[in-house]
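Novice: Below is the structure I would like to discuss, written out as structure tokens.
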Amino acid sequence: MKKFLKTTSLLLMCALLLSACGNLQNSSLSSGGGDTGKSTVQTTSSSDSSSYDVLLSGGKYKTSPISGLTAADNSNQFNSRSFESGLMSLSKKQFSTNSYVFQEGQVLSASTVTNWLARKSKKNSSGLNPASNGSTDETKRAPMYFQQMLEEDYLTKQDGKYKLAGMSIGIAMNKVDYYQKKQYGATYKTTISTEQQKEQGQRIAQEVVKRLRANKQVGNIPIVVGLYSVAPEDTLVGGTYFQYAVSKSSSLGNWSTLGYKNQMLPTVNGENAINSSDSDAFTNFKDNIQDYFPNLSGVTAQAHYDGTNLKSMDVTINTQFDSLAQITSFTQFVQQSASKYLPSGADLDINIQTVDAQQAVVTRTNGKFNSHVYNAD
């Protein structure tokens, strides 16, 4: 078992949650369902109704003790961010941003989740990955299905105290399990079918909810559980959630199937575009900025879909600019081009960067553009 603390992803998550912060409000915190663990806390006040206010403790953001824990290595850097942001999107279906305050998960400990992510064995009866069958053959071995876990806590103010009122759990399931037959040896892989992924994910989710219900901090609060398909190492996009359920009692509840998909634009390896109009729009945007500023190293995007409906797009523009004037002018032109060419209904996150540093960012959220050039007075 290894612990991989994904620092970049954590910073992105914190920036996402705190970007719209305004005034801080003091209150006292009651951990879980009781009145124990009192401490002075604050909440951020978001100016964006689609974002959660964030609970702070002593003026500081509290990270989850299980952040970054994984069952095995996976070098696809896009998984972590989509795992986190996707779970928050599912949470909004159950926990209104107007009624709940967000905090990274504080119920599950690192030692508990480390054991859950491991194989079941005589020494670890709580392991949720299957016991080893002794085989190292790619098609005969028992793969590691369960890769990572995420907890999000949602609190409401009751009698002047913030109390845990809802929870979301992300369960990341491998599509490909990478392993070694001997330490420091060659890496092999076992491919896991969609049906196996779903069957094992539902089994694990049911057991996780059962164990959470036994925790007095959790009790009978609503629990959103999302099953996430981990993108393999050789893909250029992150994974997606494929099912979710809401538990409001001891049972898990019915599963809802999700149609989320991610795709790299321009498409690669002869892959067909999920939506040809979106692909054409991105090509026009790319060609326009490259014609105006030919000194670019590359322009790519991750397009995020619900079915064939584009929900958001993360664009990366690699430049070779040196002067502040060039960067500022280019950032303005990128925003104009995005407004003209990219699909109007999708949120945008456009990062302008060199190999060494971030230079500027252009975003569009709910139809409103914002931009920022770094190191500019």
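Novice: Using a Gaussian network model on the chain with a 10 Å cutoff between Cα atoms, which of Leu87, Leu258, Leu55 fluctuates the most?
Specialist: With Cα springs under 10 Å in the chain, the top fluctuation among Leu87, Leu258, Leu55 is at Leu258.
Novice: Dipole of the chain (Lys/Arg Cβ +1, Asp/Glu Cβ -1, origin at the Cα centre): which of Ser50, Thr97, Tyr305 lies farthest to the positive side?
Specialist: Among Ser50, Thr97, Tyr305, the one farthest towards the positive end of the dipole of the chain is Thr97.
Novice: A further question follows. If I compute solvent accessible area with a 1.4 Å probe over the protein chains, what percent of it on segment 128-262 is carbon and sulfur?
Specialist: On the way: 2830 of 6100 Å².
Carbon and sulfur atoms account for 46 percent of the accessible area of segment 128-262.
Novice: Continuing with the same structure: Show which lysines lie in cross-link reach of Lys60 when reach means a straight Cα distance below 30 angstrom and same-chain residues fewer than eight apart are skipped.
Specialist: Lys2, Lys3, Lys6, Lys38, Lys92, Lys93, Lys157, Lys161, Lys163, Lys216, Lys368
Novice: Compute the signed sum of charges (Lys and Arg +1, Asp and Glu -1) over the other residues within less than 11 Å, Cβ to Cβ, of Tyr145. Present the calculation step by step, with values, prior to reporting the outcome.
Specialist: Details: positive: Arg119, Lys175, Lys198, Arg203; negative: Asp177, Glu199.
So the environment of Tyr145 carries a net charge of +2.
Novice: How would you rank 262-275, 138-151, highest first, on the average number of other Cβ atoms within 10 Å across their residues? Working shown, then result.
Specialist: Values: 262-275: 14.1, 138-151: 20.1.
Descending packing order for the listed peptides: 138-151, 262-275.
Novice: I've got another one for you. Summarise the accessible area of segment 274-340 (1.4 Å probe, protein heavy atoms) by the percent that is carbon and sulfur. Each step should come with its number before you reach the end.
Specialist: Values: 1300 of 3210 Å².
Taking all protein chains in place, segment 274-340 shows 40 percent carbon and sulfur surface.
Novice: Same structure again: Place the peptides 245-252, 170-177, 66-73 in order of packing, highest mean first, counting for every residue the other Cβ atoms within 10 Å and averaging per peptide. Display every interim value, and only then the final one.
Specialist: On the way: 245-252: 15.5, 170-177: 23.2, 66-73: 20.6.
So the order, starting with the most tightly packed, is 170-177, 66-73, 245-252.
Novice: Could you work out [θ]222 nm for the chain from helices alone, using -39500 (n - 2.57) per DSSP H run of at least four and dividing by all its residues? Round to the nearest 500 deg cm²/dmol. Walk me through the numbers before you get to the answer.
Specialist: Working: 6 runs with 92 residues, N = 377.
Theoretical 222 nm ellipticity from helices: -8000 deg cm²/dmol.
Novice: For segment 319-340 and segment 259-282, what is the separation of their Cα centres, given in Å?
Specialist: 25
Novice: R0 = 56 Å: FRET efficiency of Thr300 with Asp159, Cβ-based, nearest 0.05? Could the numbers behind the result be given before it?
Specialist: On the way: r = 51 Å, r/R0 = 0.91.
For Thr300 and Asp159, the calculated efficiency is 0.65.
Novice: Of the labelled options (i) -0.61, -1.04; (ii) -0.71, -1.00; (iii) -0.71, -1.15, which one gives log10 I(q)/I(0) by the Debye sum over Cα atoms at q = 0.10, 0.13 Å⁻¹ as computed for this structure?
Specialist: Structure-derived value, by its label: (iii).
Novice: Let me ask you something else. When we measure straight from the Cα of Lys261, which aspartates and glutamates land under 17 angstrom away, once same-chain ones fewer than 8 places off are left out?
Specialist: Correct list for Lys261: Glu84, Glu233, Asp234, Glu271, Asp278, Asp306, Asp314, Asp347.
Novice: Another question about this same structure. Which of the DSSP-defined H helices in the chain satisfy a minimum axial length of 20 Å, computed from C-alpha atoms, and a minimum mean Kyte-Doolittle hydropathy of -0.5? Walk me through the intermediate numbers first.
Specialist: On the way: long enough: 78-94 (25 Å, -0.71); 194-213 (28 Å, -1.59); 276-292 (24 Å, -1.23); 324-341 (25 Å, -0.07).
Helix filter hits for the chain: 324-341.
Novice: Moving on. Send over a whole-number figure in Å² for the accessible area per residue of the chain, probe 1.4 Å. Provide the component values of the computation, followed by the final result.
Specialist: Details: 18440 Å² over 377 residues.
The answer is 49 Å² per residue.
Novice: Let me have the relative contact order for segment 165-307, percent, based on Cα pairs under 8 Å that are six or more residues apart.
Specialist: Numbers: 212 pairs, mean separation 28.7, N = 143.
Reported relative contact order: 20 percent.
Novice: Arranged from highest to lowest average of other beta-carbon atoms within 10 Å per residue, in what order do the peptides 365-372, 153-160 appear? Walk me through the numbers before you get to the answer.
Specialist: Working: 365-372: 11.8, 153-160: 16.9.
The densest-packed peptide leads the list: 153-160, 365-372.
The values are calculated or read from the model by the stated rules, or taken from the named source; none is laboratory data. All figures in this text were calculated on a predicted structure; none of them were measured in a lab. Ideal geometry is used to build each Cβ from the backbone, glycine not excepted, and the neighbour counts take in all protein chains shown. Please note that ligands, DNA and RNA were not included when accessible areas were found on the heavy atoms of the full protein model with its side chains. Shrake-Rupley method; radii C 1.70, N 1.55, O 1.52, S 1.80 Å.
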